[in-house]
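Take a look at the structure below.
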Amino acid sequence: YYLNHTFEKTYNPSSSVFMDYRNEADFSSLNTILYGHNMKDHSMFATLVDYFDADFREAHPYILLHTREGTLQYQVFAVQRTNIEYPGYQLDFGSETEYQQFAADLGAETPVWQMLTLSTCTNVQDDERYVVQAVLQNPPAHLEALLS
């Protein structure tokens with residue numbers, strides 16, 4: 001629906017950035033996935049491709065997400081050009097150990113509280129995606145209480 005509608009539910013081919021429907025709206029999911037178009041005018045998630053450049057990644061290691069409760073800071077740890085079958089889209093985990101192994105398999109170097117996955121089309125092949133994944137740094141109190 002949100003591929004061609006705004007958050008106000010009006011039709012717009014540019015749409016809006018939207019969260020996977022299986023995620024918790026308060027960003028308390030272990031892997032929160034946000035989708036956005038790869039726009040030709042470099043808006044939305046078009047700049048995700050810049051993370052493939054090591055100098056850009058070094059200059060922009062954090063993603064800031066502003067919510068009603070405060071700002072969440074995530075540190076980028078993985079960048080992929082992949083397809084819709086990418087294992088990084090997983091949302092359900094049977095245990096903490098399984099989740100930590102999932103994060104390690106994606107490239108996280110330390111235990112992970114939560115992660116953010118940003119996904120956009122490459123505009124090359126229909127099922128191809130650019131994916132940037134980041135680890136939550138210093139969770140705010142409202143999330144830390146949920147995670148403990």
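Exactly one condition in (1) open to solvent by 40 Å² or more (accessible area, probe 1.4 Å); (2) free of Cβ contacts under 8 Å to residues at least 60 places away in the same chain; (3) over 16 Å from Leu118 (Cβ atoms) is false for Tyr2; which is it?
Going through the list (1) open to solvent by 40 Å² or more (accessible area, probe 1.4 Å); (2) free of Cβ contacts under 8 Å to residues at least 60 places away in the same chain; (3) over 16 Å from Leu118 (Cβ atoms), Tyr2 breaks only (3).
Residue by residue, here is whether (1) closer than 20 Å to Val17 by Cα; (2) assigned to a strand (DSSP E or B); (3) at pLDDT below 95 holds:
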| site | (1), (2), (3) |
| --- | --- |
| Phe56 | no, no, no |
| Leu65 | yes, yes, yes |
| Glu109 | no, no, yes |
| Val135 | yes, yes, no |
| Leu143 | no, no, yes |
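Are any residues in the range 94-118 open to solvent by 40 Å² or more (accessible area, probe 1.4 Å) and either touching a residue at least 60 places away in the same chain (Cβ under 8 Å) or aliphatic (A, V, I, L, M) (or both), and if so, which ones?
The one that is open to solvent by 40 Å² or more (accessible area, probe 1.4 Å) and either touching a residue at least 60 places away in the same chain (Cβ under 8 Å) or aliphatic (A, V, I, L, M) (or both): Ala104.
Step by step: first the residues of the range 119-129, then only those that are in a strand (DSSP E or B) and out of contact with any Cys (no Cβ under 8 Å at 6 or more places or on another chain), then the one that is most open to solvent (accessible area, probe 1.4 Å). Which residue is that?
Per the criteria, the residue is Cys121.
The values are calculated or read from the model by the stated rules, or taken from the named source; none is laboratory data. Computed from a predicted model, the values in this text were never measured in an experiment. No Cβ is skipped: glycine too gets one built from the backbone with ideal geometry, and neighbour counts run over all protein chains shown. These accessible areas exclude ligands, DNA and RNA; they are computed on the full protein's heavy atoms, side chains included. Shrake-Rupley method; radii C 1.70, N 1.55, O 1.52, S 1.80 Å.
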